[in-house]
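Working notes for the structure below.
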Amino acid sequence: MSSPTSPKLAEVAGLSPQVEALLVAHHALMRAQSPEESCHVMTGEALQAEGARVFALSEEEEGTILAVGALKTVADSAAPMSLAGRGPVVELKSMHVAAAARGRGLGHVLLSGMLDMARAAGAGGPASKPGQSPRSMRRARCTCRRALRRARRSATIGWTL
């Protein structure tokens with residue numbers, strides 16, 4: 001019996017049909033469950049146009065895309081004061097795990113992997129999007145904090161939100 005392989009995280013240069021399909025699913029889900037004024041979800045095309053780095057988490061052997069996410073470097077003027085002087089700040093622009101792949105901890109793997117790659121590229125810390133509704137900000141902060149606690153336990157990153 002073979003052991004399951006670890007998912008592989010990679011930055012994607014162009015949007016493959018699988019990556020685009022997950023971003024479309026994410027866009028539709030966010031639009032369906034969020035009020036218009038609180039929904040800041042972006043299409044794959046918009047993410048690329050804004051200069052976001054798009055990442056895909058895939059099955060090592062099959063190449064099936066399990067999750068996608070995007071980070072964007074924030075302008076110094078928009079960065080939180082708590083991160084001033086620590087280097088560029090990244091904002092989580094998007095994160096979605098395929099419905100069939102949920103419940104396996106892949107959100108944690110995706111987020112901590114993206115943050116590790118951002119830190120390796122010189123980022124000073126993560127920030128959440130200005131202008132989000134208080135409810136979505138709390139949800140995002142809780143998700144990020146859980147992932148960061150797990151990552152700290154595995155000694156991969158040391159940032160806080």
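The values are calculated or read from the model by the stated rules, or taken from the named source; none is laboratory data. Worth saying up front: this structure is predicted, and the values here are computed from it rather than measured. We place every Cβ from the backbone using ideal geometry, glycine too, and count neighbours over all the protein chains shown. Quick note on the areas: whole protein, heavy atoms, side chains included, nothing else; ligands and nucleic acids left out. Shrake-Rupley method; radii C 1.70, N 1.55, O 1.52, S 1.80 Å.
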In the stretch 22-59, the residues that are under 16 Å from Ala99 (Cα atoms), touching a residue at least 40 places away in the same chain (Cβ under 8 Å) and surrounded by fewer than 18 Cβ atoms within 10 Å (Cβ to Cβ): Ala25, Leu29, Glu59
Filter pass, Ser77 being more than 17 Å from Pro126 (Cα to Cα), out of contact with any helix residue (DSSP H, G or I) (no Cβ under 7 Å at 6 or more places or on another chain), open to solvent by 50 Å² or more (accessible area, probe 1.4 Å) and modelled with pLDDT under 85: no
Condition met for Glu91 (modelled with pLDDT under 85 and either touching a Lys or Arg at 6+ places or on another chain (Cβ under 7 Å) or assigned to a loop (DSSP other than H, G, I, E, B) (or both)): no
Per-region count, the stretch 87-114, residues open to solvent by less than 20 Å² (accessible area, probe 1.4 Å) and among the β-branched types (Val, Ile, Thr): 2
Total residues in the stretch 48-60, condition at pLDDT below 90 and within 22 Å of Ser112 (Cβ to Cβ): 1
